[in-house]
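For reference, the structure is listed below as structure tokens.
The values are calculated or read from the model by the stated rules, or taken from the named source; none is laboratory data. Note that the structure is a prediction, hence the values are computed from the model and not measured. Here the Cβ is made from the backbone with ideal geometry for all residues, glycine too, and neighbour counts use every protein chain on show. Just the protein is used for accessible areas: all its heavy atoms, side chains included, with ligands, DNA and RNA removed. Shrake-Rupley method; radii C 1.70, N 1.55, O 1.52, S 1.80 Å.
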There are 6 protein chains.
Amino acid sequence: MQKEFVVISAHVGDFVWRCGGAIALHVAAGYKATIVCLSYGERGESARLYEEPGMTAEKARARRRAEAEAAADVLGATIVFLDGSDYMLRVNDEMLHKTAAVLRETQPEFILTHPAADPSNLDHVTTFNFALEARMVAQAHGHPGGAVIGAPQVYSFEPHQSELCLFKPDTLLDITSVWEVKRKAMECLAGQKALWDYYERVGLQRGAVSRRRQKGKATGPIYGEAFQSVFPARVDLL
Amino acid sequence: MQKEFVVISAHVGDFVWRCGGAIALHVAAGYKATIVCLSYGERGESARLYEEPGMTAEKARARRRAEAEAAADVLGATIVFLDGSDYMLRVNDEMLHKTAAVLRETQPEFILTHPAADPSNLDHVTTFNFALEARMVAQAHGHPGGAVIGAPQVYSFEPHQSELCLFKPDTLLDITSVWEVKRKAMECLAGQKALWDYYERVGLQRGAVSRRRQKGKATGPIYGEAFQSVFPARVDLL
Amino acid sequence: MQKEFVVISAHVGDFVWRCGGAIALHVAAGYKATIVCLSYGERGESARLYEEPGMTAEKARARRRAEAEAAADVLGATIVFLDGSDYMLRVNDEMLHKTAAVLRETQPEFILTHPAADPSNLDHVTTFNFALEARMVAQAHGHPGGAVIGAPQVYSFEPHQSELCLFKPDTLLDITSVWEVKRKAMECLAGQKALWDYYERVGLQRGAVSRRRQKGKATGPIYGEAFQSVFPARVDLL
Amino acid sequence: MQKEFVVISAHVGDFVWRCGGAIALHVAAGYKATIVCLSYGERGESARLYEEPGMTAEKARARRRAEAEAAADVLGATIVFLDGSDYMLRVNDEMLHKTAAVLRETQPEFILTHPAADPSNLDHVTTFNFALEARMVAQAHGHPGGAVIGAPQVYSFEPHQSELCLFKPDTLLDITSVWEVKRKAMECLAGQKALWDYYERVGLQRGAVSRRRQKGKATGPIYGEAFQSVFPARVDLL
Amino acid sequence: MQKEFVVISAHVGDFVWRCGGAIALHVAAGYKATIVCLSYGERGESARLYEEPGMTAEKARARRRAEAEAAADVLGATIVFLDGSDYMLRVNDEMLHKTAAVLRETQPEFILTHPAADPSNLDHVTTFNFALEARMVAQAHGHPGGAVIGAPQVYSFEPHQSELCLFKPDTLLDITSVWEVKRKAMECLAGQKALWDYYERVGLQRGAVSRRRQKGKATGPIYGEAFQSVFPARVDLL
Amino acid sequence: MQKEFVVISAHVGDFVWRCGGAIALHVAAGYKATIVCLSYGERGESARLYEEPGMTAEKARARRRAEAEAAADVLGATIVFLDGSDYMLRVNDEMLHKTAAVLRETQPEFILTHPAADPSNLDHVTTFNFALEARMVAQAHGHPGGAVIGAPQVYSFEPHQSELCLFKPDTLLDITSVWEVKRKAMECLAGQKALWDYYERVGLQRGAVSRRRQKGKATGPIYGEAFQSVFPARVDLL
């Protein structure tokens, strides 16, 4: 049976900058990826769009949605939009049960989402809590829908300023083999061009650090992504 | 080439109570285990021995050493004694270079040792720092001895009171298949009989918790051991 | 005047597993105990019930309520149900003012509730915040109802996975004398039979640890419960 | 252009006790100060008023509002009331957008508000989160209103019990030159007379501590106020 | 049998400023108090003495010793000097075994010492670790000397800047009844006159805070001292 | 009078990678910079040198010393070598008093050194503690040498892996104007060529983040360095 995983993303850009490599890598390894995107990020992360004359929130939403679809397509993932607004993102029970349904349907191996804290972007904090809530609802009996899920790991992906968000990565993923795919997905986000090089450098730094952790390979990772586990991992060997 | 790992233990009992299952499990999986034991624990953890008339520190050391050798033997591990005293354990450069030499020789996949904090037992804190120092020395050029090592993961094993030691496990190991071996090794420690059942219950609790994390297996772990990684892990898939 | 205390519990089982000993012990010492139970736990903690054919959320609620009443009865406590749903528990102002009224009426010596954090069960986090809110409302002038309360201590009781919840106990209670009562109360929870032995072991571990802290008694505690104070304690002697 | 700053305060007293010196000092230095006051504190912090016969919440609100206006006047600040209730303070989107509008209008150099944690007063926690939300909304394109703001520093001011609130000050402000103004503003709060001396002593302690940090001045600060930065500061020299 | 307790103090002043009230209070309640003073504080805390012409470290030591003896006398405590130097305080095994002997002899109910962290005064950190080491040595079999001790609580007393030292008090002691004694002991420290009022205000603030925690007493504490427990407490009732 | 500051660096490279920009910037602003370098880093950070045939620790020391002198020269700083060895760095009282003498002589505005924690490099931790000790000794009366110092701020500079070292920057310094100087100083470190680009990217990331914090400038920082304050800052305005 095909393994699956789910990404829960506050805004359009987040699933690209922060875990686009993980998505592409696992898709390449045969996993099915589903992205749940809570908002279009049409306010907080589209400053560039508003430089165009006549830009409105509605137009910005459409533009960001198209960008997100293109990026998801490049990464090989299915994307589900929950149609929320950003800055401030407000979630509701309908969005929650829709996400829980995605989790029940996909029975994911793991969930990727934002870290628990971010004083500069509370939409991210809302999304982290929303992801944990959706996981709980999907675990509980007595709700309508498919089979309950087990206890999949939740990984927080890297925020914009890791130390401000108390992000302490425990898992470094080698994304060298899919770097070109991630770069291409980033380039779908025309509204945030200023971040392309920023996140290329993030990838290089995480690659350089994980290269130091690798034993006896001729060549180590060049690009990496960093994650923090919310729950302990159950393993068969250390 | 056979994979190896190293355990750095403050006292005789520690490597049994805290990671006896991990040792037996990896030995069963074909790894070679080397235990570096810094002291005999003849003072702090041998209260029972002192109930015998005529007991001295010297006799207690000999008795504990024999127990440790028996336990290591049951677990299938090689044990190296550094002959320190406990309560208070004082380390020195000779002990450090001896341990670094073990690391260079074995080129371990990982190192197991105590957690960073323990206000009720500073010997454990000394050992944690000592283990990190030995790892640094073994990584450095310019010391005599074999090839430098890479950057093996260091796992802290579970202390007596986890919350007092700020121990936050991120890795739960299923040791069900080797439980009988661990129990037998514990029973080698005649001087600490009161702890046998205590650590059997620890094993059951860690097993119960990790059972909840397991997807779609008919029967989950019954016994477990808990570990906390000091460094981020480099992985190829999440 | 009879001393009183209040327990604020997310689900039916929580007040039994986590502080059933504290309840029985203080009742035996002459305190009056009131449990405020926010939900019936009919979804998240009743997996076993759903194995019965024809089980519905409504039936599960009734069953869990009966179990809770039986357990409270065994412990000698009064129980008040706030009729919330679980997984996700949502609280409202009516529930808040009802709870504040209980606090004003009972003028409790202390309040027992969940810890502040639990990524695997946000209902517990909701309840912790709800308990602090109810305490604030009960302290404030200008609300209808009885005399305002002082500043009673709030103790967090032990969660399922203490380290995951950042639970750091500062208070170990000897519940040996009422262990049989707690066990009998646990056995009222037929829907969660798998947890009886788990929590018996928790009791034994906390007993063993607190035994080490006891000076000059012939026999120490066998069973214990662990708590973490939210506020500093005011004392007359150390 | 005149520099401005904004204070976001849960209750009437907070902006006086906790940053009255900072307000007076910056007003004296030519800044324009705007206080956004979320509630009148008519319940939680007006115990003394309720000793008067016939006191009601409505009367208490009016009384506290008058006190707040008098105190703001003494400090030289403009005050905006959002008309919330306290104990429990509930915020809404209207309050949020009103505050964001104040931020856009004033383009503040910095924002002063409560710390992130306070288990004894969740109104303060609500206000901290509200302040971060208002800052986000004011930063975002696509909302109606004036020009978006940059990324002004947010300083948490000192809570009643610093350690309980995990308050770790990184900035000590010398308010000696405006102490008499702050004292006079405190004395406007007739309903909380018991706190005047308490906060005079807080001022003296913070002054004494910052005196130790001062190089080569003949006379150091006598009165101080303490703040904790939420974000890193951008500086041109250390 | 008379109950005893031990104070382990880095410098002469520390046992007065930080726990002089606790000492006097317990002595008044019939406890026997023993102070172990590691150094005379002749360098770091005697700036005032060096304003006298011809002052030397030797003279400063003698002067501070006499002050300490006078203060201990006022508090009703026995004082033992270990003759260390301060700034930097260096401890050794002789000092350690001397202190362990005091612990074995007195079999203390509790130990008072510095907190674990203080970046502005590492002598305090050295003393905290030294106190935990002495407790371990006194608990261990196989050392010469009297009966081993149990597991007495260790309380950290309040440092000069609580937040800088990560000091989070969990215990507030009412020292109102012995305030005059503490003040008189403080006044024995002629070399640090500048601190008398500072620590009087600390006493008033801690008194004010603990007054809020007290139920149904006509008059609450006026002066207090704050402590942080290192280990969990074993209790018979909450 | 010329302002001065002091850098305390474990190894040769540290003062270049981590605060070379701060040094060059303050020198350009008229400060005098003195670097105290505890070791030559001839073991832990000179892997590349050992690829040359016939390399010895002694030769490596000489080579690294020359590189450090060249780098200090480029940055405009005076450098003092304490001649320690690295991996493991051991400090002693002679080194301590030498450093305290530098502090007394220079009366620095601030001190730059490593962060408090680094499990992968305990030499850095040793240096952090050493710097705090030297500051204490320089503050104390009764030692031989010049006038005691005040309480200069200590800034921790950025370690190799910030999250692993619990590094939480609170101060972002714009080093754009001196970037070429820092790059040139980095290039003096021929033995660590692999790090040049790594630290160029660090500079770009810190620049990008601080650019977001800047109000109303046409062009923001391009390169930055990040620092964490050990002590609160005393300020005249926020």
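Taking every alpha-carbon pair under 8 Å whose residues sit at least 6 apart, region C:4-229 reaches a relative contact order of 25 percent. The phi torsions of region B:40-56, fed into the Karplus equation with coefficients 6.51, -1.76 and 1.60 and a -60° offset, translate into couplings of 9, x, 7, 9, x, 10, 10, 3, 4, 4, 6, 7, 6, x, x, 5, 10 Hz, rounded to whole numbers, with Gly and Pro shown as x.
In a Debye calculation with equal point scatterers on the alpha-carbon sites of region F:1-124 and no solvent, what is log10 I(q)/I(0) at q = 0.21 Å⁻¹? After summing over all Cα pairs, the log10 values are -1.24. Comparing mean-square fluctuations of E:LEU172, E:LEU75, E:LEU112 from a GNM of chain E with C-alpha springs under 10 Å, the top value falls on E:LEU172. Summed over both chains, the accessible area lost when B and E associate is about 1300 Å², using a 1.4 Å probe. Each residue of region F:230-238 is assigned a 3J(HN,Hα), and the resulting list reads 7, 10, x, 8, 8, 10, 9, 9, 6 Hz, derived from the Karplus form 6.51 cos²θ - 1.76 cosθ + 1.60 (θ = phi - 60°), x at Gly and Pro.
Spherically averaged projected area of the convex hull of Cα atoms, region B:101-238: 10.7 nm². Distances between placed amide hydrogens fall under 5 Å for C:GLU163 paired with no residue 5 or more residues away or on another chain.
Pop out the carbon and sulfur fraction of the accessible area of chain B as a percent, whole number, probe 1.4 Å.
On the way: 4280 of 8290 Å².
Carbon and sulfur: 52 percent of the exposed surface of chain B.
Annotation: for a label point projected 7 angstrom from Cα along Cα→Cβ of D:ALA47, no residues of region D:124-152 have a backbone N closer than 15 Å. Annotation for F:LYS193, label-to-label distances across the other copies: 3.6, 6.8, 6.8, 7.2, 8.0 nm (shortest first, one decimal, point 7 Å from Cα along Cα→Cβ).
Kirkwood Rh, region E:40-81, all Cα pairs: how many Å? One decimal place: 10.9 Å for the Kirkwood radius. Closest approach of any chain D Cβ to the axis that rotates D onto E belongs to D:ARG201, 2, distance given in whole Å.
Here the dipole of chain D is about 680 debye; that uses its Cα centre as origin and unit charges on the Cβ of Lys and Arg (positive) and Asp and Glu (negative). The C-alpha atoms of region C:4-229 occupy a region whose extents along the principal axes are 51, 51, 32 Å, arranged from largest to smallest.
Working from Cα pairs under 8 Å separated by at least six residues, relative contact order for region E:127-238 is 35 percent. Remark on region F:25-95: hydrodynamic radius 13.4 angstrom, per the Kirkwood mean of 1/r across alpha carbon pairs.
Per-residue 3J(HN,Hα) values for region C:144-151, derived from phi via the Karplus relation 6.51 cos²θ - 1.76 cosθ + 1.60 with θ = phi - 60°, read x, x, x, 5, 5, 8, x, 10 Hz in sequence order (x marks Gly and Pro). For the pair region C:35-67 / region B:53-87, the C-alpha centres are spaced 54 Å from each other. Among the listed pairs A:LYS32/B:LYS32; C:LYS59/C:LYS98; D:LYS32/D:LYS184; B:LYS168/F:LYS193; D:LYS168/F:LYS182, a Cα-Cα separation exceeding 27 Å is found for A:LYS32/B:LYS32; B:LYS168/F:LYS193; D:LYS168/F:LYS182. Summary value for region B:42-129: 22 percent relative contact order, contacts being C-alpha pairs under 8 angstrom separated by 6+ residues. Amide H contacts of B:ILE35: B:VAL7, B:THR78, B:ILE79, B:VAL80, each under 5 Å away and 5 or more positions distant or on a separate chain (H built 1.01 Å from N in the peptide plane; Pro and chain starts excluded). In the assembly of identical copies, E:ASP83 has its label point, taken 7 Å from Cα in the direction of the beta carbon, separated from the corresponding points by 3.3, 3.3, 7.7, 7.8, 8.4 nm (ascending, one decimal). Annotation: amide H of D:GLU109 within the under-5 Å range of D:GLU4, D:PHE5, sequence separation 5 or more or interchain, hydrogens built in the peptide plane.
Heavy-atom accessible surface of region F:5-158, averaged per residue, reaches 30 Å², computed with a 1.4 Å probe. With 10 Å bins beginning at zero, the pair-distance distribution over Cα atoms of region C:1-59 amounts to 21, 39, 24, 13, 3, 0 %. Divided by 2.2 N^0.38 Å, where N counts the residues, the Cα radius of gyration of region C:84-125 comes to 1.35.
The equivalent ellipsoid that matches the C-alpha gyration tensor of the protein assembly as shown spans semi-axes of 42, 40, 40 angstrom, in descending order. Distance from the alpha carbon centroid of region E:100-173 to that of region C:99-125 works out to 34 angstrom.
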